[in-house]
Amino acid sequence: MTNVRDSFHSRIGFVLAAAGSAIGLGNIWGFPTQAANNGGGAFLFVYLLVTLLLALPALYAEIYIGNQAQRNPVSALEYACKDSCPSVGRMAGKIGLVGALMMLSFYTIVAGWMLAHALSAVTELLGLIDLSHWLSTSSTLRNVIFTPIFILLGATIIHQGVHAGIEKWSARLMPLLLIMLIGLIIYILQQDGASEGLALYLIPDFSQVLNSKLIISAMGQAFFSLSIGVGGMMVYGSYMQKDKDIGKLVLSIAALDTFIAFMAGLLIIPALFVAQHSGQQVFVDHHLIGEGQLIFQILPTLFESMGAIGLIVAIGFFSLLSIAALTSTISSTEVPVSYLVEDKGMSRPKATWLVSLVVLIASMLLIANFDALFGLVIRLLTTIMQPLMCLFYFIVVGWIWNRGNKLSDKALQENKPKLKLWGNYLRFVCPILLTVVFVNVAFTG
C-alpha cells in the first residue's frame with residue numbers, strides 16, 4: 001500500500017520549522033551561559049568556527065538522508081543501509097527514536113518551568129502574590145501540573161499534521177520569538193551595567209581561543225544547539241520534496257539558529273551584569289553561580305527590582321523561552337509519530353496521543369526520581385547518544401550509501417569539483433572531528 005505523505009508546502013515553512021526545532025532552551029539559555037563561563041567573545045569566536053566545521057555538515061547529513069529517502073527516520077536509515085546492513089540502519093533509527101523520547105521526557109519538564117514562571121509574573125501583576133510565589137517555587141506538584149500542560153500544547157499542534165500543524169504554527173511562533181527577543185534586548189541594553197556585559201561578549205580575548213576547555217565547550221554547544229542526532233531534522237527533511245538545494249536550506253537553518261544564539265547572548269550576558277550592578281552576586285571566580293539554574297535565581301530577582309515594568313519584561317522573557325521550547329519539542333515528537341503512522345499504520349491523531357502518553361509517563365518517572373534520573377538522562381542523551389548517532393550519519397552518507405562523490409544533491413551534481421570536495425569532507429574530516437568531540441565531552445566533561 002502506498003502512503004500519501006504530508007509535506008511542507010514552502011521553502012520558508014520548512015526553514016522556519018527546522019530552525020524552530022534547532023532553536024530551543026539550549027540556544028537562549030545554554031549558549032549565553034557557556035559564553036559567560038568561557039571567555040565571552042573568545043567562546044563566540046570558537047563557537048562560530050566549529051559550527052562551520054562540524055555542526056553544519058552534521059545537519060546536512062541528517063537532512064540529506066531524510067530528504068533522499070522520503071521516509072521516517074527508522075525506515076530512512078534502513079533504506080540508506082539496504083545494500084549492506086539494513087538491520088543495523090533500522091536499529092540505529094530506533095535508537096534515535098528512543099533518543100527523541102528521552103529528550104522529550106526532560107525537555108517538557110523544563111518547558112513547564114518556563115510556563116510557570118511566565119504565569120508567576122502575570123499573577124503577581126494581578127496582585128495574586130501567594131499564587132505567584134507558588135508558581136515561581138520549584139516543587140513536585142508544580143512539575144506534575146505544568147509538564148502535562150506543555151505536552152498537551154505540543155500534541156495539539158502535532159496531530160494537525162505537517163502543513164496544517166507544524167508548518168503553520170512554526171510560521172507564527174518563530175517570528176514572534178524573534179520580535180520578543182529583540183524587544184527584550186533593546187530594553188536590557190539601556191540598563192546600568194549592560195555595557196560591561198556587552199564588552200565581555202563582543203570583544204574576544206584571542207589568548208583564550210586555544211584553551212582546550214573552551215574549545216570542547218564550544219564544539220559541544222555548536223553540535224547540540226542544532227538539535228542533531230535524534231531524527232527530528234531527518235523527518236523534517238523527508239517532508240521536503242526532492243531536487244531541492246539541500247545545501248542552501250541547511251545554511252538557512254544554521255544561520256537562523258546561530259543568529260538566535262548570538263542574539264540570546266546579547267540579552268542574557270548584559271542582563272547578568274545589570275543584575276550584578278544592582279547588587280546581586282552573579283559570578284564567583286569568574287564562574288556563574290548556579291550555572292543553568294541561574295535563570296530562575298538571578299533574572300527573576302532582576303525583573304522584580306524593575307517594578308511593574310520588570311513584571312512585563314519577565315512575562316515576555318519566560319514566554320519567549322516557552323515558545324522556543326515548544327518549537328523544539330514539536331520536531332522531537334514528530335519522530336515517533338511519523339514512525340507509528342508510516343510503519344505501524346496508525347492514524348496521526350492516535351499516534352500523537354499515544355506518543356504524548358508515553359512522554360507523560362517518562363516525564364512523571366523523572367519527576368518522581370528527579371535527583372537520581374534527571375541529570376543522568378540529559379548526560380546520556382547529549383554526551384553519548386547524539387554524538388554517536390551523528391557519527392553514524394556521517395558513516396552512512398560517506399561510506400555506506402550515496403558516498404560523498406555520489407551525493408544526489410541537485411546543486412552539487414551541477415558542480416563536480418565542489419561535490420568531490422564536500423563529499424571527501426563528509427567522509428574523512430567530519431567523522432574524525434566528531435570522534436574528538438565525543439571523546440572529550442564524554443570522558444573529560
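Read through the list (1) closer than 26 Å to residue 70 by Cα; (2) β-branched (Val, Ile, Thr); (3) surrounded by fewer than 18 Cβ atoms within 10 Å (Cβ to Cβ), then give the number of the only condition that residue 309 fails.
Residue 309 satisfies every listed condition except (1).
Among the listed residues 432, 395, 384, identify the single one that is among the β-branched types (Val, Ile, Thr), closer than 30 Å to residue 110 by Cβ, out of contact with any Asp or Glu (no Cβ under 8 Å at 6 or more places or on another chain) and modelled with pLDDT of 75 or more.
Checking each option against the conditions leaves just 384.
Specify the residue that is farthest from the chain's Cα centre (by Cα); the eligible residues are those in region 324-342 that are more than 28 Å from residue 263 (Cβ to Cβ) and among the hydroxyl-bearing types (Ser, Thr, Tyr).
Checking each candidate, the answer is 339.
So that you can scan it fast, the table gives a plain yes or no per residue for (1) of a type in the set (Lys, Arg); (2) out of contact with any helix residue (DSSP H, G or I) (no Cβ under 7 Å at 6 or more places or on another chain); (3) at pLDDT 80 or above:
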site	(1), (2), (3)
299	no, no, no
306	no, no, no
312	no, yes, yes
315	no, no, yes
319	no, no, yes
335	no, no, yes
347	no, yes, yes
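Within region 83-95, is there a residue that is hydroxyl-bearing (Ser, Thr, Tyr), part of a helix (DSSP H, G or I) and within 19 Å of residue 390 (Cβ to Cβ)?
No: zero hits.
Wholly within region 314-410, which helices (runs of 4 or more DSSP H) include no fewer than the required count, namely at least 1 residues that are crowded, with 18+ Cβ neighbours inside 10 Å and of a type outside the set (A, V, I, L, M)?
The helices (runs of 4 or more DSSP H) meeting that bar are 348-368, 386-395.
Among the candidates 257, 192, 245, which residue alone is acidic (Asp, Glu) and either surrounded by 23 or more Cβ atoms within 10 Å (Cβ to Cβ) or under 22 Å from residue 104 (Cβ atoms) (or both)?
Of 257, 192, 245, the one residue that is acidic (Asp, Glu) and either surrounded by 23 or more Cβ atoms within 10 Å (Cβ to Cβ) or under 22 Å from residue 104 (Cβ atoms) (or both) is 257.
Residues that are in contact with a Leu (Cβ under 7 Å, 6 or more places away or on another chain) and under 30 Å from residue 89 (Cα atoms): list the helices (runs of 4 or more DSSP H) wholly contained in region 173-252 that include at least 2 such residues.
Ranges flagged: 212-225.
The values are calculated or read from the model by the stated rules, or taken from the named source; none is laboratory data. Everything numeric here is computed off the predicted structure, so don't read it as measured data. No Cβ is skipped: glycine too gets one built from the backbone with ideal geometry, and neighbour counts run over all protein chains shown.
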